[in-house]
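What follows is a short report on a single structure.
Just so you know, all these numbers are worked out from the coordinates, no wet-lab data involved. Values in this document were obtained by computation on a predicted structure and should not be read as measured data. In this analysis, Cβ positions are derived from the backbone assuming ideal geometry, glycine residues included, and neighbour counts consider all displayed protein chains.
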Amino acid sequence: NLLYVAMNVGLNLVLVTLFGWYGAAFATAISSLVNIVVAGYALTTIIGRPEIPVKQLGYQITASLVMFVVVAALRGPLPDTLGWTLANVAVGALVYAVALFGLSSRVRGKVTGLVQA
């Protein structure tokens with residue numbers, strides 16, 4: 001955390017002077033990225049390399065892409081009002097949930113376990 005704070009303050013001093021608010025955002029993003037890499041390295045040295053569920057991540061990415069296509073297709077013909085935007089968000093959430101439920105047996109098992117409880 002000390003590395004993150006020092007890096008963030010240092011980068012902010014330089015980048016805010018040069019680029020204003022964009023510099024602050026970039027300084028925070030760079031500091032956060034470095035912090036994630038350092039924390040990840042430290043964690044793997046302590047507990048070992050964690051198993052990454054690539055298949056489940058693939059299901060989530062696929063469900064996200066399906067949701068994106070549906071939301072993007074609806075965005076064009078719908079009026080740009082708060083009500084329609086909220087409706088589009090709700091449709092997107094429903095599409096994501098249904099797609100993930102259909103793709104992932106792990107999610108199906110968890111949902112059916114919750115429903116039966």
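How large is the direction-averaged shadow of the alpha-carbon convex hull of the chain, in nm²?
Approximately 12.2 nm², given one-decimal rounding.
Of the listed peptides 78-84, 8-14, what is their order by residue-averaged count of other C-beta atoms within 10 Å, with the highest listed first?
8-14, 78-84
Two decimals is fine: what's Rg over Rh for the stretch 35-76, C-alpha atoms, Kirkwood radius as Rh?
1.30
Going by C-beta contacts inside 10 Å, put SER31, SER105, SER64 in order with the fewest on the left.
Ascending Cβ contact count within 10 Å gives the list SER105, SER64, SER31.
Using 0.36 nm per residue, how much length does the chain from TRP84 to ALA97 gain when fully extended, once their Cα-Cα distance is taken away?
2.7 nm
Note the full-extension length gain between ALA24 and VAL9 as 0.36 nm times their separation in residues minus their Cα-Cα distance, in nm to one decimal.
Between ALA24 and VAL9, full extension yields an extra 4.5 nm.
Taking Cα atoms, how many degrees apart are the long axis of helix 54-75 and the longest axis of the chain, rounded to 10 and kept between 0 and 90?
Roughly 70 degrees, rounded to the nearest 10.
With everything on Cα atoms, drop me the angle between helix 105-116 and the longest principal axis of the chain, reported from 0 to 90° to the nearest 10.
70 degrees
What is the helix-to-structure angle for 21-47, meaning the angle in degrees between its Cα long axis and the longest Cα principal axis of the chain, kept from 0 to 90 and rounded to the nearest 10?
Approximately 80 degrees, to the nearest 10.
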